[in-house]
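Working notes, beginning with the structure itself.
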Amino acid sequence: MNIRSNHVVLCILLMAFIGSYVRAQSSFRGLGDLPSGESLSAATAVSADGLTVVGYSSVQDISFPQFNRFQAFRWCVETGIVGLPLLASYDDQIALAVSNGGAIIVGFASLNKDIDTRALIWTSAGVRDLGSLADNTITVRATAITPNGTAVVGYESGELGTFAFRFSEENGFQQLDGLPMSGSQALDTSADGSVAVGWLLIALTEQHAFRWTAEGWIDLGDLPGGVHRAVAEGISGDGRVIVGRSNSANNISANATEAFRWTAEAGMIGLGDLGGTFNSAALAASYDGSVIVGGAGGAFIWTEAAGMRSVQEVLTQDYGLDLTGWTLGSAVDISADGRTIVGNGLHNGVNEAWIARLGDLPCRADFNADGSLDSQDFFDYLVEFFGNPGCVSMPPDVLCAADFDRNGTVNSQDFFDFLAAFLAGCE
């Protein structure tokens with residue numbers, strides 16, 4: 001029996017002495033930015049458990065100090081904003097998605113300022129180029145990752161067109177079978193990786209939202225009354241609710257869109273707008289799809305009971321939080337339980353990422369972030385704790401899911417802390 005096994009036995013013997021797991025109340029904060037460069041940060045995603053945020057921030061270019069570049073970052077309460085390792089010879093490097101615990105992050109790096117991009121993955125081993133489906137590709141981007149980090153979706157463009165893909169370490173790149181050859185992009189995936197959503201071209205002129213599974217794909221179409229232009233931006237963790245944007249009869253121009261929610265039962269339903277020029281987009285949904293966030297001339301949150309509301313008003317009026325100096329421009333992602341929202345806005349005139357907690361902090365004992373606390377969370381943590389030796393000597397830039405206390409190492413204290421959280425339960 002190794003040292004970790006011995007510690008597990010000790011943990012079980014100490015179960016009766018474990019105290020309560022304390023969680024904080026509603027909160028709002030800016031994430032700041034990385035040192036050097038202009039003051040600018042932008043969030044792109046939050047982990048399903050609501051504890052890790054990724055995005056990018058402006059930093060000074062080392063090779064050309066007179067210029068700035070974007071560097072990917074990871075943020076959590078314990079560490080604040082931390083720049084991710086840079087891949088040499090690339091310009092801007094942007095994180096777009098993150099697994100639970102911050103252990104795996106995906107995104108892209110650009111050459112020549114967005115003209116040529118490559119998909120990146122950050123793990124405890126560092127950062128690397130994921131590669132591509134075909135030779136001579138111009139653009140490759142990894143756009144989403146499952147909470148357990150096993151499946152990635154994205155798209156690549158080259159001489160043969162634009163193609164949506166799935167990627168895993170086991171199977172490498174795989175084109176999403178059956179989609180029209182006219183072009184497609186995958187922008188999000190369900191929690192188990194079985195469903196992908198995005199947009200595709202129909203007859204080279206119409207942009208439609210789609211839902212893809214291994215059994216086939218569904219054309220979600222677009223909202224009635226507008227030009228044929230729709231994009232599925234996100235999907236609920238259970239794969240049942242798809243959100244996005246579509247031009248509709250409510251839009252006053254072909255370039256404007258209306259946020260939508262799609263289900264198999266109801267089809268595509270427009271969610272409206274906060275007012276003004278009528279231009280909105282739904283960007284993400286909670287695990288069951290009951291809470292949706294996006295932008296509509298300001299960050300919005302949508303529920304069936306309340307409809308579309310301004311996040312700024314919800315935070316100040318419903319939760320009594322002080323947002324002095326802030327204008328919340330968009331909400332870009334939401335945690336599985338619908339209680340943590342991340343987005344971007346202006347803070348005293350400066351672009352800055354933000355995070356809002358609606359109620360208590362997320363329950364970290366819900367290790368697989370499926371919205372319930374049960375034995376599967378315990379088993380999943382054990383698998384991570386015993387089965388990922390690379391976490392023991394990981395660099396501080398990227399977290400490991402087994403590092404429960406987030407101090408950069410994995411040892412018995414992490415198991416103690418997880419067990420304490422698990423026994424305390426989730427409210």
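Annotations
- Segment SER26..GLU169, full-extension length gain: 47.7 nm, with 0.36 nm per residue of separation and the alpha-carbon distance subtracted.
- A 1.4 Å probe run over segment 208-270, with the rest of the protein chains in place, finds 42 Å² accessible per residue.
- Backbone amide hydrogens, once placed in the peptide plane, bring GLY149 within less than 5 Å of ASN100, excluding anything fewer than 5 places away on its chain.
- Solvent exposure ordering (accessible area, 1.4 Å, most first) of GLU215, GLU384: GLU215, GLU384
- Other-chain or far-sequence residues with amide H under 5 Å of ALA144's (modelled H): VAL153
- Under the combined filter of DSSP loop state and at most 12 neighbouring Cβ atoms within 10 Å, segment 277-376 retains these GluC sites (Glu not before Pro): GLU304.
- Among LEU204, LEU328, LEU51, residue whose mean-square fluctuation peaks in a GNM of the chain (springs only between Cα atoms under 10 Å): LEU204
- Spin-label model, ALA203 to VAL77: label points 7 Å out along the Cα-to-beta-carbon direction sit 5.4 nm apart.
- Accessible heavy-atom area order of ARG364, ARG74, highest first, probe of 1.4 Å: ARG364, ARG74
- Accessible area per residue (1.4 Å probe, heavy atoms of protein chains only) ranks ILE269, ILE334 as ILE269, ILE334, with the largest value leading.
- Between ALA209, ALA144, ALA256, the residue with the greatest mean-square fluctuation in the GNM of the chain (Cα pairs under 10 Å linked by springs) is ALA256.
- Listed values for segment 72-77 are Karplus-derived 3J(HN,Hα) couplings in whole Hz (6.51 cos²θ - 1.76 cosθ + 1.60, θ = phi - 60°), namely 5, 9, 10, 10, 8, 4, and x replaces Gly and Pro.
- Calculated FRET value between ASP322 and ASN136, using beta carbons and R₀ = 51 Å, to 0.05: 0.45
- For the pair SER372 and SER253, label points projected 7 Å from Cα toward Cβ lie 4.8 nm apart.
- Here each label is just a point 7 Å from Cα along the line to Cβ, and for SER290 and THR213 those points are 2.3 nm apart.
- Our helix-only sum for the chain, with -39,500 (n - 2.57) per DSSP H run of n ≥ 4 divided by its residues, gives a mean residue ellipticity at 222 nm of -2500 deg cm²/dmol.
- Scanning residues 5 or more positions from GLY221 or on other chains, those with amide H under 5 Å from its amide H are ALA209, with H placed 1.01 Å from N in the peptide plane.
- Fully extending the segment from ALA266 to PHE379, taken as 0.36 nm per residue of separation minus the present Cα-Cα distance, adds 37.0 nm.
The values are calculated or read from the model by the stated rules, or taken from the named source; none is laboratory data. On a predicted model such as this, the values are computed, not experimentally measured, just so you know. Virtual Cβ from ideal backbone geometry, glycine too; neighbours counted across all protein chains shown. To get the accessible areas, we keep the full protein, side chains included, count just its heavy atoms, and leave off ligands, DNA and RNA. Shrake-Rupley method; radii C 1.70, N 1.55, O 1.52, S 1.80 Å.
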